[in-house]
1. Which one of Ala8, Ala46 is in a helix (DSSP H, G or I) and either at pLDDT 90 or above or within 16 Å of the chain's Cα centre (by Cα) (or both)?
2. Suppose we keep only residues that are small (Gly, Ala, Ser) and under 19 Å from the mean Cα position of the chain (by Cα) within the range 65-89. Which one would you say is modelled with the highest pLDDT?
3. Could you give every pair whose Cβ atoms fall below 9 Å, whose first residue belongs to the range 102-125 and is free of Cβ contacts under 8 Å to residues at least 60 places away in the same chain, and whose second residue is among the hydroxyl-bearing types (Ser, Thr, Tyr) and surrounded by fewer than 17 Cβ atoms within 10 Å (Cβ to Cβ), counting only separations of at least 6 or pairs across chains?
4. Filter the range 95-120 down to residues that are part of a strand (DSSP E or B) and more than 13 Å from the chain's Cα centre (by Cα), then give me how many there are.
5. Go through the residues of the range 151-169 one by one and say whether even a single one is in contact (Cβ under 8 Å) with a residue 40 or more places away in the chain, assigned to a loop (DSSP other than H, G, I, E, B) and aromatic (Phe, Trp, Tyr).
6. Given the criterion in contact with a His (Cβ under 9 Å, 6 or more places away or on another chain), surrounded by 15 or more Cβ atoms within 10 Å (Cβ to Cβ) and at pLDDT 95 or above, identify the matching residue among Thr97, Thr155, Thr133, Thr104.
7. Quick check on my filter: what residues within the range 89-117 are under 17 Å from Val24 (Cα atoms) and aliphatic (A, V, I, L, M)?
8. Given the conditions (1) in contact with a Leu (Cβ under 6 Å, 6 or more places away or on another chain); (2) surrounded by fewer than 15 Cβ atoms within 10 Å (Cβ to Cβ), which single one is not true for Lys90?
Amino acid sequence: MRSRIVLALVTLLLAGCGGQSGSVVHADGRIGPFRLDMTTESQLRARLGRPDGVIAQMDPAVTAPHGGRTLVYVCGKDCRTEYSFNNDTKALSDFWTQSSRWQTERGSRPGMPAKKAAEREGRKIGPGCSGDTIFIRNDRDRTYVLIAWKRKVDTITYLGPHSTYYDGLC
């Protein structure tokens, strides 16, 4: 009996029965278990481990006068997830991923047809600098967008209020 319980627990863990709440990017700035303008680099590293790469110095931006740095985690062939930190606030400022493990609150994710993502989000596909865009949130403080390439969602990008990106998306 005990071995059946252990087997059932292992099966549930491997199946991911806990849901995908850790892989959702929310419009309010929650990035899975992290939060823009709150999570520190050490908190992120404690959860994710050592990054596969670090972009050590990013140029200054209006919202990041002393620039920032980006931790890069490889998520597969031609797949990266990046977390940027503002040198002034010392907090998570931006998020960018090509991983289909991440999704919006409505289930849009990298790899899916852009048209389907636009329908799910209730938004239109528009032109952008890096490809077609589906804006989920775009206001004075935040830009949260799906970027599509060749009719498929390529990335989820979220630039926060203290973004280290010197010119936003363009």
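The values are calculated or read from the model by the stated rules, or taken from the named source; none is laboratory data. Please read these numbers as outputs of a predicted model, since none were measured by experiment. In this analysis, Cβ positions are derived from the backbone assuming ideal geometry, glycine residues included, and neighbour counts consider all displayed protein chains.
1. Only one candidate qualifies: Ala46.
2. Checked the range 65-89; the qualifying residue modelled with the highest pLDDT is Ser84.
3. Final answer for the pair search is Arg109/Ser100; Pro110/Ser100; Gly111/Ser100; Met112/Ser100.
4. As a first pass, look at the range 95-120 and keep what is part of a strand (DSSP E or B): 95-97, 103-104, 113.
Then keep just the ones that are more than 13 Å from the chain's Cα centre (by Cα); that gives 113.
The number of residues fulfilling the criteria is 1.
5. Yes, the range 151-169 contains at least one residue that is in contact (Cβ under 8 Å) with a residue 40 or more places away in the chain, assigned to a loop (DSSP other than H, G, I, E, B) and aromatic (Phe, Trp, Tyr).
6. Checking each option against the conditions leaves just Thr104.
7. Leu92, Met112, Ala117 - these are the residues of the range 89-117 that are under 17 Å from Val24 (Cα atoms) and aliphatic (A, V, I, L, M).
8. Looking at each condition in turn, Lys90 falls short on (1).
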